[in-house]
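Visitor: Below is one structure. I have some questions about it.
The values are calculated or read from the model by the stated rules, or taken from the named source; none is laboratory data. Please read all numbers here as calculations on a predicted model, not as lab measurements. Note: ideal-geometry Cβ built from the backbone for every residue, glycine included; neighbour counts use all protein chains shown. Ligands, DNA and RNA are stripped out before the accessible areas are found, and what is left, the full protein with its side chains, is counted by its heavy atoms. Shrake-Rupley method; radii C 1.70, N 1.55, O 1.52, S 1.80 Å.
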Amino acid sequence: MITILRMRIKKPTLLLPIFLSICFFVVSCGVMPLTPETSTEDIPVFVLASADEPGQRLMLKGTVVDSQTNEPIPDTKIHLYHADANGEYQPTDPNDESTARLSGTLTTDTAGNFAVDTIVPREYDQPGNRHIHLHSVSAANYQNGGGVILFENDVNPEIRQWANETGFGTIIELEEIDGVQHGHVTISLDPIE
């Protein structure tokens, strides 16, 4: 028997599915409060893809910095999204890809750092086009940024040329550690003058 707010629940098993559904929603939407279990090297981890999401696990760490001073920018909001292991976005709004099933908004810590626990997205349309969208990157007193994160081991020459010419794509290295791909990205924002 479980006592909740001085009420006695005779069949606590009926509440378990509701409780688990709420926990899954909180974790999958990235609004889970940070605890020692959800941090890495004192950097808060944003869980974008739950542990049971099919695909190769990816721990993406990053830092947001001032483009002129290279100083970290704390409290930056980053909205990111990507395709799943089948190359599908499955957006909640069919007219807005940024509402993909694997999407969310995180906030950097006081040192401008962030970490995302997700999967490596599958490419679609053409080989060598596997990426994560940075839909918006915003901080007080800075111009909004955005772009895509591409993976060095999986960028075709056409996409590489586009990324280098436009500056919209950032190519990062991935390293597999204990079955998990790890990568780091530095995002630069221009100050508002």
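Visitor: Those residues that are on the phi > 0 side of the Ramachandran plot and open to solvent by 50 Å² or more (accessible area, probe 1.4 Å), I need them from region 119-138; list them, please.
Guide: Result: Asp125, single match.
Visitor: Can you tell me which residues in region 161-182 are closer than 25 Å to Ala85 by Cβ and open to solvent by 70 Å² or more (accessible area, probe 1.4 Å)?
Guide: Hits for region 161-182 are Trp162, Phe168, Glu173, Glu175, Glu176, Ile177, Asp178.
Visitor: Which residue pairs have Cβ atoms under 7 Å apart, sit 6 or more places apart or on different chains, and have a first residue in region 69-85 that is in contact (Cβ under 8 Å) with a residue 40 or more places away in the chain and a second that is aromatic (Phe, Trp, Tyr) and open to solvent by less than 30 Å² (accessible area, probe 1.4 Å)?
Guide: Ile78/Phe114; Ala83/Tyr89
Visitor: Yes or no: region 151-166 includes at least one residue that is outside any helix (DSSP H, G or I), within 19 Å of the chain's Cα centre (by Cα) and within 21 Å of Glu97 (Cα to Cα).
Guide: Looking for residues that are outside any helix (DSSP H, G or I), within 19 Å of the chain's Cα centre (by Cα) and within 21 Å of Glu97 (Cα to Cα), one finds at least one in region 151-166, hence yes.
Visitor: Being outside any loop (DSSP other than H, G, I, E, B) and of a type in the set (S, T, N, Q) is the requirement here; does Gln126 meet it?
Guide: It is false that Gln126 is outside any loop (DSSP other than H, G, I, E, B) and of a type in the set (S, T, N, Q).
Visitor: Moving on to the next point. Taking the condition within 18 Å of Gln56 (Cα to Cα) and either surrounded by fewer than 19 Cβ atoms within 10 Å (Cβ to Cβ) or not aliphatic (A, V, I, L, M) (or both), does Glu193 pass?
Guide: Answer is no for this residue.
Visitor: Regarding Thr105, is this residue in contact (Cβ under 8 Å) with a residue 12 or more places away in the chain, in contact with a strand residue (DSSP E or B) (Cβ under 6 Å, 6 or more places away or on another chain), within 17 Å of Ile149 (Cβ to Cβ) and buried (at least 22 other Cβ atoms within 10 Å of the Cβ)?
Guide: no
Visitor: Hey, could you check region 108-118 for residues that are out of contact with any Gly (no Cβ under 8 Å at 6 or more places or on another chain) and open to solvent by 10 Å² or more (accessible area, probe 1.4 Å) and say which is nearest to Val148 (Cα to Cα)?
Guide: Taking the candidates together, the pick is Asp117.
Visitor: Identify all residues within region 179-193 that are in contact (Cβ under 8 Å) with a residue 60 or more places away in the chain and not acidic (Asp, Glu); write none if there are none.
Guide: Passing the criteria: Gly179, Val180, Gln181, His182, Gly183, His184, Val185, Thr186, Ile187, Ser188, Leu189, Pro191.
Visitor: Among the small types (Gly, Ala, Ser), under 24 Å from Ser67 (Cα atoms) and open to solvent by less than 10 Å² (accessible area, probe 1.4 Å): is that true of Gly147 in this structure?
Guide: Yes; evaluated as a whole, the condition is true for this residue.
For every residue, the table says whether it meets (1) open to solvent by less than 40 Å² (accessible area, probe 1.4 Å); (2) modelled with pLDDT of 95 or more; (3) over 23 Å from Val180 (Cα atoms).
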residue: Cys23; (1), (2), (3): no, no, yes
residue: Ile43; (1), (2), (3): yes, no, no
residue: Gln68; (1), (2), (3): no, yes, yes
residue: Asp75; (1), (2), (3): no, yes, yes
residue: Ile78; (1), (2), (3): yes, yes, no
residue: Tyr89; (1), (2), (3): yes, no, no
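Visitor: Any residue that is of a type in the set (S, T, N, Q), open to solvent by 90 Å² or more (accessible area, probe 1.4 Å), modelled with pLDDT of 95 or more and assigned to a loop (DSSP other than H, G, I, E, B) - is there at least one of those in region 54-65?
Guide: Checked region 54-65: no residue is of a type in the set (S, T, N, Q), open to solvent by 90 Å² or more (accessible area, probe 1.4 Å), modelled with pLDDT of 95 or more and assigned to a loop (DSSP other than H, G, I, E, B).
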